[in-house]
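Participant: Supplied in structure tokens, the structure appears directly below.
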Amino acid sequence: MANIKRPNGTEDILPSASRDWQMLEGLLREIAGKFGFREIRVPTFEQTDLFCRSVGETTDVVQKEMYTVSAKESTFTLRPEGTAGTIRAMLQNGLLNEALPQRVYYILSCFRHERPQAGRLREFHQFGVEMAGSASASADAEVISLAKQIIDMVGIQGIELYINSIGCPTCRKAYHKALQDYFAASKEQLCDTCLSRLEKNPMRILDCKSPVCGEIAKDAPVILDYLCEECSTHFEQLQKYLTLLHIDYKINPKIVRGLDYYTKTVFEFVTTDIGAQGTVCGGGRYDGLIGQLGGPETPALGFGMGLERLLLTLRNQGIKLSEEEACDIYFVPMGEQAAEKTFAMAAKLRSEGVSAQTDVMGRSLRAQMKYADKINARFTLVLGDNEIAAGTAEVKNMKTGEKTSLALDDTFAERFSDVLMASMFDEDGSFANLLG
Ligand code: ATP
Ligand code: MG
């Protein structure tokens, strides 16, 4: 039988890569925390209806991309994004009855049945934030600045911020009419999906990935010309706050986002470094969503950041988040008695907070030294009959070749820690090596 392979569009995150993920996740948590966002963890699957009602019946996500699974008599959908489940959880657990604004963040996997390609997967990961309770444009600017700080901290270059306002139900009425009139002229050329959108949700046509629809949409009316006074003031205020934070942006009236729940502000951070799938982060305001899901009318907003795309951009720009993993000391026992002794010594060191390993393969001296090299051992200690008899052994600094003789008694862990610490100071006295 052929070996079983992972499903198309999924990825294995191997030990050689997981360290970058951990570093990134640590950074995300730290920055989110600074902005007052606290972590929420929600189920991987939800009732299908939750996504239909929030993401929207006429979106690509609901129409084409959802993984809906049935087990026994129930049907559920693997979350295609994080906002719906997060808002559902906030409502169900009464978070909106507590002090507002509520600020939450999450790091989770999402599932969408799309055509897999670089930066487009069927299972991918998002870092997202949601803030509920504030209608002020300062909240929009704050959330955008959070995303910006992440991008700056990881060191990505050349990302552009695009902002737009897609208005509220009031201004959208006139805009929908204008779009319907515009697209009616080219009705015959629209794809089937867009044809059905023409009646129900013509704005979705602007988000269609088909080149023909894209070409037709090129000269479509732009929403910014149809904003009501409230939405237009809000958009101006957003720009004022962004300027206050020295955040560069470009107004891009083409951005409508792929999810139906957005109102007023929408934004994207886009890079050209990873090809067509350049949107690393997308988000906006969704003032109607909480009411739509049965909660009290509450203005809210958030964003989702695609972590695979972020890491891909980092890789393409030659930015490494993490140093290579290292082991503080590798014990090289020669013989049975020595193996027992190093086995205990390694355990003792680990309990003291030192990373230590010893041979578990019964290998030769040469093979063990090769392995020590592979795992980036900072120090090695060869233990044979002579060392056991003498009660001392040498720890060897693998980088400098320097050897230090240490007694093999109760003081070993402490003495070795001193040697290790000393080795981590660079010549200039800085502590740089510790990062490894
Ligand atoms: P796109 O236009 O690229 O399809 P989207 O509008 O569907 O993106 P959102 O639903 O806003 O994306 O999700 C937020 C972020 O999640 C995106 O900006 C992107 O970084 C990431 N993302 C979305 N879909 C995928 C996917 N299939 N694979 C990897 N990352 C994705
Ligand atoms: Mg999409």
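The values are calculated or read from the model by the stated rules, or taken from the named source; none is laboratory data. Note that this is a predicted model, so its numbers are computed, not measured. Cβ coordinates were reconstructed from backbone atoms using ideal geometry, including for glycine residues, and neighbour counts include every protein chain displayed. Surface areas here come from the heavy atoms of the whole protein model, side chains and all, with no ligands, DNA or RNA. Shrake-Rupley method; radii C 1.70, N 1.55, O 1.52, S 1.80 Å.
Participant: Find which of 377, 62, 271 sits farthest along the positive direction of the dipole of the chain, computed with +1 on the beta-carbon of Lys and Arg, -1 on that of Asp and Glu, about the Cα centre.
Facilitator: The one lying farthest along the dipole's positive direction is 62.
Participant: Let me ask another. Could you tell me which of rounded, prolate or oblate describes the range 156-243, using a ≥ b ≥ c as the square roots of the eigenvalues of the alpha-carbon gyration tensor, with rounded for a/c under 1.5 and, failing that, prolate when a/b is larger than b/c and oblate otherwise?
Facilitator: oblate
Participant: A further question on this structure: Might you report the magnitude of the Cβ-based charge dipole of the range 192-311 about its Cα centre, with Lys and Arg at +1 and Asp and Glu at -1, to the nearest 20 debye?
Facilitator: 180
Participant: Which of the three applies to the chain, rounded, prolate or oblate, going by the alpha-carbon gyration tensor with a ≥ b ≥ c and a/c under 1.5 meaning rounded?
Facilitator: It comes out prolate by the Cα gyration axes.
Participant: Length gain on complete extension for the stretch residue 343 to residue 322, per 0.36 nm per residue less the alpha carbon to alpha carbon distance?
Facilitator: 4.6 nm
Participant: Which distance in Å, rounded to a whole number, links the C-alpha centroids of the range 177-209 and the range 56-94?
Facilitator: Each part's Cα centre sits 26 Å from the other's.
Participant: Can you list the residues, at least 5 places off or on another chain, whose amide H is less than 5 Å from the amide H of residue 264, using H built in the peptide plane?
Facilitator: 166, 167, 168
Participant: Under 13 Å from the Cβ of residue 231, count the other residues' Cβ atoms, weight Lys and Arg +1, Asp and Glu -1, and hand me the total.
Facilitator: Around residue 231, the charge tally is -2.
Participant: Rolling a 1.4 angstrom probe over the protein heavy atoms, how many square angstrom per residue are accessible across the range 329-435?
Facilitator: 61
Participant: Also, quick follow-up: At 0.36 nm per residue, and after removing the present C-alpha to C-alpha distance, how many nm does the segment from residue 17 to residue 424 gain when stretched out fully?
Facilitator: Value of the extension gain: 144.1 nm.
Participant: Let me know the shape class of the range 1-54, please: from the alpha-carbon gyration tensor, a ≥ b ≥ c as square roots of the eigenvalues, rounded when a/c is under 1.5, otherwise prolate if a/b is greater than b/c, or oblate.
Facilitator: Oblate.
Participant: By DSSP, what percent of the beta bridges with both residues in the range 329-435 are antiparallel, rounded to the nearest 5?
Facilitator: Roughly 50 percent of the beta bridges in the range 329-435 run antiparallel, per DSSP.
Participant: May I have the convex hull volume per residue, in Å³, for the Cα set of the range 311-436?
Facilitator: So the per-residue Cα hull volume is 130 Å³.
Participant: For the chain, set up a Gaussian network in which alpha carbons nearer than 10 Å are linked by springs, and say which option among 177, 399, 148 fluctuates the most.
Facilitator: Checking each option, the largest mean-square fluctuation is seen for 399.
Participant: List the residues, sorted by chain then number, that are 5 or more residues from residue 327 or on another chain and whose placed amide H is less than 5 Å from its amide H.
Facilitator: Hits under the 5 Å cutoff: 377, 378.
Participant: Could you run the Debye sum over the Cα atoms of the range 43-107, one equal point scatterer each and no solvent, and tell me log10 of I(q)/I(0) at q = 0.13 Å⁻¹, two decimals?
Facilitator: So the normalised log intensities are -0.40.
Participant: Quick query: amide H of residue 332 versus all other amide H atoms, modeled in the peptide plane; which residues come in under 5 Å with a sequence gap of 5 or more or a different chain?
Facilitator: Hits under the 5 Å cutoff: 381, 382, 383.
Participant: Could you give the size of the charge dipole of the range 329-435 about its Cα centre, using +1 on the Cβ of each K and R and -1 on the Cβ of each D and E, expressed in debye and rounded to the nearest 20?
Facilitator: 460
Participant: Under the Karplus relation 6.51 cos²θ - 1.76 cosθ + 1.60, θ = phi - 60°, what is the ordered set of whole-Hz ³J(HN,Hα) values for the range 288-299, x standing for Gly and Pro?
Facilitator: For the range 288-299, the Karplus-derived couplings read x, 4, 5, x, 4, 8, x, x, x, 3, 9, x Hz, x marking Gly and Pro.
Participant: So what is the calculated 222 nm ellipticity per residue for the chain, using -39500 (n - 2.57) for each DSSP H run with n of 4 or more, over all residues, to the nearest 500 deg cm²/dmol?
Facilitator: -11500 deg cm²/dmol
Participant: I've got another one for you. May I ask you to list the GluC sites (Glu not before Pro) in the range 303-358 that are in a DSSP loop and have at most 10 other Cβ atoms within 10 Å of their Cβ?
Facilitator: Answer by residue number: 324.
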